[in-house]
Every structure is written in C-alpha cells, then in structure tokens.
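Beneath this line is the structure, given in structure tokens, with notes to follow.
The values are calculated or read from the model by the stated rules, or taken from the named source; none is laboratory data. It should be emphasised that the depicted structure is a prediction, and the values quoted were computed from it without experimental measurement. Please note: Cβ atoms are built from the backbone with ideal geometry, for glycine as well, and neighbour counts cover all protein chains shown. Remember, those area values only see protein heavy atoms, side chains included, never the ligands or the DNA or RNA. Shrake-Rupley method; radii C 1.70, N 1.55, O 1.52, S 1.80 Å.
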Amino acid sequence: PGFILLGCFTHLAHAYSIPFSPLSSSRSFSTSAKTSTMPAVLPVSQRARCFKMCSALGDTTKFDKLSPTQLVEAAARIVPELSWTASKGGAGRVAVIGGSVEYTGAPFFAAMSALRTGVDMSHVFCHKDAGTAIKAYSPELIVHPVLESEPEDKNKSHEILQRILQEIGPTMTRYDGLLVGPGLGRDPLVIEACSKLLCMAAQQDLPIVLDADGLFILTSAILAGEGASATQKEVLAALGSAFLTITPNRVEFNRLSNALGLTERSGPEAFETPEAFAQTIGSRIGKRVTIVVKGPRDVIADGTSMLTCSTEGSRRRCGGTGDVLAGLLLAFKVWARQAVREAREGG
C-alpha cells in the first residue's frame, strides 16, 4: 500500500534528527507567533531551504500525528526535480544484490522498481547462472553475474569469496544506496560474501535496505549468539550504526522477535500485535533502523515515531510485491540522503 511507502519516507528525516514539517498550500502551521505557508511540492533547489526554514520555526511535528495527505506532501519534498541541467546519476545510482538460479524475478522487480520510481541507474549483482535471464528481462538494468555457490571442494571457497569481494567491493563507492536480499538464496558462500559487503556499505554510510534473504543474514547472526562467526559479529556491529531499513513479512517478523528473545516459538506470534514489538526490534538492531512490518495491518517504526495502516490492499498475495516495495524504499532512502546533504550544505 502506498501509505506504507509514504510513512517510510517521512521517517528518513528522523534518522538524521532534522525537524521537518510538511506544510500544505491550503493550511498554515503555526509555532509561537510565526506562521509559514509553503507549496505542497518543492523543486530540488528549494528542498534545503524547506529543511532550514522548518528548523528555524522550531517545528518538531511527529510524523505519526500527520494525516495521509500531509505524509504525501512530506514525501514529495524529497523527490528530485527533473531538470535540463541534470547529469546522469544525479537522481541516484543504486545496487541490488540478489538473484540465484531459482529466483531471477525478485532482483529484477526490485531493481526495476527503483528505476521506474526515478533513480537514474540500477545495478544488479547476481549469481553467475542467473545473469542471462535477468539481462533478458530488460536492457535498462546493468547486470553483473558475479556471485558463486559454495564449491564441492571446500578448499576453493576462500579463493571464490575473495574473487566475489574483489568484483563488487571496489564498486561500492559508486552507489548511493544498496538493497540486499531479493532472490538471493541461502548458499553459505553467497551469505558470507553478502555479509562482508554489508559491512563495507555500512562503513561508507550507504543507505541500506534488507529484504527477504537479506533479513536471513541478520536473523541468523542474532540467533548465533555467542557462537556467532567473526563475520556474523562484524555484520551485527556494522548494521548497528547503519542507515538501515528492514522489511519483514509475517514469518520474518516472528523469526526476528524469537531471535531477539522477545517471544517464544511456542507462544503467541509477535505478528499478531506488531505495534508492541516493532519499536523494540528496531532499537535492538541499531540506532538508525526503520522497520516496515508488512501485513493486514502495516506498521512502520523508527524508534521515534510509529505509523500503522489498516487500509486494504490487493486481495491477491502474489510473489514480487515485496520486491517492488523494497526497490521503492531504496529509491526514496537515496533521495532522503540527498535532501539532507543539500540542507546541510545550505547552512
């Protein structure tokens, strides 16, 4: 549902502690003796001014108190303006790590979703045996078939792992955001490689979205506890400070809750009362985590505010819808980061 997406957009500003009030063209919001009215959609050149003005007014409106219309206005403020003077990549370059022999559609849906939302370039890093299929879906995606499965000869695992990291690692600085998980699969070598790449992305402070098997990486590391591998400990530490969004469905949300010790497998499901667990789960994972719980009652929480949505979506629960949402979220996380930078540069 669109409300999920809009709720997530607004939480991005909270991740950087920037007061931000969506101001309608038909209404005025007043703080003390000062009143300001702004258009609902601002061009990119005015986005920093909007952040700066809201901060000067001292407006600390909570996003969970806003109407759906105001949330739409807030989201619209961070959409880059189309311009004749723009350069390729200015609206964002994103990377999706996913795609296995069995699942080639998921990374396509996610990467194409980000592209159709408005980013300029969308890359897919997939299993070497999935590349041809994904390339055939669309010429608009840039596909890198570099992931490899665990070999029968375990002595070759380290060599393959290093090859994957050398292929992807140096390119990380080119991207404005990273999505890990759609169609990834759970091959041990692929999981190890993605864990290390997540650490690299977090060190660069890239906006990160974890979906599907990307959440498996997180949950497995938490479950390992004291027996976690060095890589699992590193990825937990890295994600603890990352600009991160996680998108669990019912099964994934319950797994996270169980892994964190908030519920028991034999007890009531956390998903039955997601509002009671979403904030805690997010805060246990990291300081800048937004959690999007997908279900009949959607919950979006970031440790500061929480939004819920019971509006009915499609009655058909087909595969791929979560991948589309993940790609959309990635695009808007990138744009939120750009807007924040403009605000800071604007003084």
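Please work out the C-alpha center-to-center distance from the stretch 301-324 to the stretch 62-136 and express it in whole Å. Taking the Cα centre of each part, the stretch 301-324 and the stretch 62-136 sit 17 Å apart. Protein heavy-atom surface of the stretch 210-342, 1.4 angstrom probe: 51% of the accessible area is carbon and sulfur, with nucleic acids and ligands not counted.
The alpha-carbon positions of the stretch 185-267 define a convex hull whose volume is 96 Å³ per residue. Its relative contact order, with pairs defined as Cα atoms under 8 Å and 6+ residues apart, puts the stretch 249-347 at 17 percent. When +1 charges are put on Lys and Arg Cβ atoms and -1 charges on Asp and Glu Cβ atoms, the dipole computed for the stretch 61-131 relative to its Cα centre reaches about 160 debye. For the stretch 156-201, the square roots a ≥ b ≥ c of the C-alpha gyration tensor eigenvalues yield an a/c of 1.5 or more together with a/b not exceeding b/c, which makes the shape oblate. Here the Karplus curve 6.51 cos²θ - 1.76 cosθ + 1.60, taken at θ = phi - 60°, turns the phi angles of the stretch 196-212 into couplings of 5, 5, 5, 4, 4, 5, 5, 4, 8, 6, 6, x, 10, 10, 10, 9, 6 Hz, with x standing for Gly and Pro.
Taking all C-alpha pairs of the stretch 101-187, those more than 22 Å from each other amount to 27 percent.
Annotation: amide H-H contacts under 5 Å for HIS144 (H modelled 1.01 Å from N, sequence separation of 5 or more, or interchain): VAL124, PHE125, CYS126. Peptides 213-220, 269-276, 224-231, 307-314 ordered by packing proxy, namely the average of other Cβ atoms within 10 Å per residue, highest first: 213-220, 269-276, 307-314, 224-231.
In sequence order, the stretch 334-342 has phi-based couplings of 4, 5, 5, 4, 4, 5, 5, 4, 4 Hz under the Karplus curve 6.51 cos²θ - 1.76 cosθ + 1.60, θ = phi - 60°, and Gly or Pro positions carry x.
For the pair SER229 and LYS128, label points projected 7 Å from Cα toward Cβ lie 2.0 nm apart. Translational diffusion of the stretch 135-282, estimated by Stokes-Einstein from the Kirkwood radius over alpha carbon pairs at 25 °C in a medium of 0.890 mPa s, is 148 µm² per second. Charge dipole (Cα centre; +1 on Lys/Arg Cβ, -1 on Asp/Glu Cβ; no other charges) of the stretch 75-204 amounts to roughly 380 debye.
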